[in-house]
DNA sequence: AGGGGCGATGTTCACGTGAACATGCCGCGT
DNA sequence: ACGCGGCATGTTCACGTGAACATCGCCCCT
């Protein structure tokens, strides 16, 4: 029964059972194997196939084996569209983000994808190339049309305000890099605490004050890091230098570094991310300002490369994987309990990693 | 007609038309708006709604307006699962990859997502955390169960061999970072040409030979870069040093650098990626070997940071965005023409970017 | 031995959409 | 004036799945 080359025979038969077929006998393989095809081959009803497919109890061993054999033979795959239609759920989480290239977001997305997969959810990605209100709106509209049960948004929240109305009700939202804890669930690194640790470290080394190269003002993470930097300095009664505006790029850090190299009393800089810190290091190197002997530098993120900068960079480590994990946890809790009501903010601790780019100020 | 708060009134009515509702009057918003709901409100048949929704001709202006108004009022979104079921297509491309964190893959994915979105396709991501045959197989199995029309695979092909049988027929495949041009469509940076350019550049500067810090042997990209390096040296009749094995990480580059710093006649190194080049730079710096005066270093990738290394790194630029674009183009061509038969390899040119980490050897 | 119950399997139907076909109306030509 | 054609819209049905209900047979208990 199963020795006489059934595969070549059965497939065309099942395929021929459909109407279309385009009349080509040996041409295209065959469109798709459905439960009915499997049921016919196994000599059972399609409902029994369904039960086997879903691991329901109540199917006797021999029947189950027959069905499984038929599935293997035909290469049956459940049709997720039909399933989604039947269940009203898609087992898919949408992720809306700006650049995947930016530090952290790719690692966060990776963690989201990994944990979602472990829970049987797939990830659908929608990137926004240019951060305009229209594009954000469009992304949400598209997401609303897509088969998603929840959406994770990785971006500055203020572009979000009018956008979520585009999502169908019942689609849950969790946001990263924002402070909209009153409207959505928020997961984020504890930016403020990380930044405080960085600045305090420099003050404890004996620096009189700490300069700051900030991220772009449009970023909440950048705002919070700058805010924490200012707060620590003020609390310690230190002068607060004018922060230099960066845009996360190494180039902006380099530009800032050239300026800071001219400030004779600048002995410590807190850069809002590692890339800008890299730019600082190069600028100071070019200007003959030794790090850490003349100037200490602290970054933020702890990219894998930071340990191999010249000198190895003292920086604030972000646990992006944990952020991603908690995002998934958050939306899944909402999906499963239907509870949309407790947004709140979930902060993932950051920790300072001390390497060789910080030292006490030169004792003149 | 549209001034007296229709939204609050209509939605519950449409919702009440369903069976479940869980009896909670003011509780959950409502499940989902279907064509039937819109049709009822607009006073037309659901088919007319369908025609409007799909932009078909043959609907008179006034009717169309009524339907559109009803859609807006109810917040109607087409159900993509039902659509997918009806059409047999999903307008979704699956992407299977290893680490998103690795240089390039995140930028490739981003380009894939952007171009797919422009074509009306969504991206479903499945990451593989540990590169075992089982995990790869599992990823393909899951992809087969998901609603995808095509799959783009970003990984070393040799784990792939037995895996694609898990995909339903009719699902098209394009592969990145591989040489399986005879079985699948392949898109990749022209690794060999890029590496040749790097090595020739160093030879043209007058270096007697070039050392190599390779990527992991499991990577085809690494293999091709190493192969091209060897070929150029042999063609020029130069001695071929034993390559040092790296694993893409800055740390492995650092380790290799400490060894190379002890080689008195090593004046030029080609690192298989920028991160390892960073490790080299730090090792040479620590050992007092000046770059480029004592040793020239070339990397590969041209990460955004490479221009801000100390010194700015000469490296081979990869156009990941173009790779992503061509991947999408490739699978869409397959989907649209149904033509699976012309795999072939599509190579994206790489180009050398000369910065300050290379110079003629010191004239002793 | 007969009936009741339970376990295995089959049948029916709805999920939301859109193609194919059906209907019905209006205008134009003879 | 009558009929026919074309266009706007309605009706039916299938896509693949799985819950709910129906059926059938077997075993156990009295």
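The values are calculated or read from the model by the stated rules, or taken from the named source; none is laboratory data. Everything numeric here is computed off the predicted structure, so don't read it as measured data. All Cβ positions, glycine included, derive from the backbone under ideal geometry; neighbour counts span all protein chains shown.
When residues in segment A:106-145 are screened for being at the interface with chain B (Cβ under 8 Å from one of its Cβ atoms) and surrounded by fewer than 20 Cβ atoms within 10 Å (Cβ to Cβ), 3 of them pass.
Residue check: is residue B:49 more than 9 Å from chain A (Cβ to nearest Cβ) and in a helix (DSSP H, G or I)? Taking the combined requirement at face value, the residue satisfies it. Only one of the listed residues (A:27, A:20, A:61, A:16) is modelled with pLDDT under 85 and within 13 Å of DNA strand C (Cβ to nearest atom). That residue is A:20. Looking across segment A:343-364, the residues that are in contact with a strand residue (DSSP E or B) (Cβ under 8 Å, 6 or more places away or on another chain) and modelled with pLDDT under 95 come down to A:343, A:344, A:345, A:346, A:347.
In segment A:260-276, the residue that is surrounded by the most Cβ atoms within 10 Å (Cβ to Cβ) out of those that are at the interface with chain B (Cβ under 10 Å from one of its Cβ atoms) and touching a strand residue (DSSP E or B) at 6+ places or on another chain (Cβ under 7 Å) is A:276.
Residues of segment B:41-58 being within 12 Å of DNA strand C (Cβ to nearest atom) and in contact with a helix residue (DSSP H, G or I) (Cβ under 9 Å, 6 or more places away or on another chain), which ones? Within segment B:41-58, B:45, B:46, B:47, B:48, B:49, B:50, B:51, B:52, B:53, B:56, B:57, B:58 meet the criteria. Would you confirm whether or not segment A:217-226 contains a residue that is at pLDDT 95 or above and over 28 Å from the mean Cα position of the chain (by Cα)? No. The requirement of being part of a strand (DSSP E or B), assigned by TED's automatic domain parsing to the domain that holds residue A:207 and over 25 Å from the mean Cα position of the chain (by Cα) is satisfied by residue A:269. Beta carbons closer than 6 Å, at least 6 apart along the sequence or on distinct chains, pair a first residue in segment B:35-46 that is within 14 Å of chain A (Cβ to nearest Cβ) with a second that is at pLDDT 90 or above and within 7 Å of DNA strand D (Cβ to nearest atom) for B:35/B:46.
Looking at B:306, B:293, just one residue is part of a loop (DSSP other than H, G, I, E, B) and either closer than 19 Å to residue B:171 by Cα or not assigned by TED's automatic domain parsing to the domain that holds residue B:178 (or both), and that residue is B:293. All of (1) in a helix (DSSP H, G or I); (2) buried (at least 18 other Cβ atoms within 10 Å of the Cβ); (3) within 10 Å of DNA strand D (Cβ to nearest atom) hold for residue B:44 with one exception: (1).
When segment A:76-89 is filtered for residues that are within 12 Å of DNA strand C (Cβ to nearest atom), over 12 Å from residue B:83 (Cα atoms) and within 29 Å of the chain's Cα centre (by Cα), the ones remaining, listed by number, are A:79, A:83, A:87, A:88, A:89. Contact map, segment A:73-88: first residue within 14 Å of residue B:148 (Cα to Cα), second residue outside any loop (DSSP other than H, G, I, E, B) and within 7 Å of DNA strand D (Cβ to nearest atom), Cβ cut-off under 7 Å, separation 6 or more or different chains; pairs are A:78/A:53; A:81/B:85; A:82/B:85. Is at least one residue of segment B:196-208 in contact (Cβ under 8 Å) with a residue 12 or more places away in the chain, in a helix (DSSP H, G or I) and farther than 27 Å from residue B:323 by Cβ? Within segment B:196-208, one or more residues are in contact (Cβ under 8 Å) with a residue 12 or more places away in the chain, in a helix (DSSP H, G or I) and farther than 27 Å from residue B:323 by Cβ.
Of everything in segment B:64-90 that is buried (at least 16 other Cβ atoms within 10 Å of the Cβ) and away from chain A (no Cβ under 14 Å), the residue that is nearest to DNA strand D (Cβ to nearest atom) is B:64. Here residue B:126 fits the description: at pLDDT below 90, touching a strand residue (DSSP E or B) at 6+ places or on another chain (Cβ under 7 Å), more than 16 Å from DNA strand C (Cβ to nearest atom) and within 30 Å of residue B:276 (Cα to Cα). Is it true that residue A:103 is crowded, with 16+ Cβ neighbours inside 10 Å, more than 16 Å from DNA strand C (Cβ to nearest atom) and assigned to a loop (DSSP other than H, G, I, E, B)? Against the criterion (crowded, with 16+ Cβ neighbours inside 10 Å, more than 16 Å from DNA strand C (Cβ to nearest atom) and assigned to a loop (DSSP other than H, G, I, E, B)), residue A:103 qualifies. Against the test of being over 18 Å from residue B:310 (Cβ atoms), within 13 Å of chain B (Cβ to nearest Cβ) and buried (at least 24 other Cβ atoms within 10 Å of the Cβ), the options A:279, A:246, A:257, A:338 yield a single qualifying residue, A:246.
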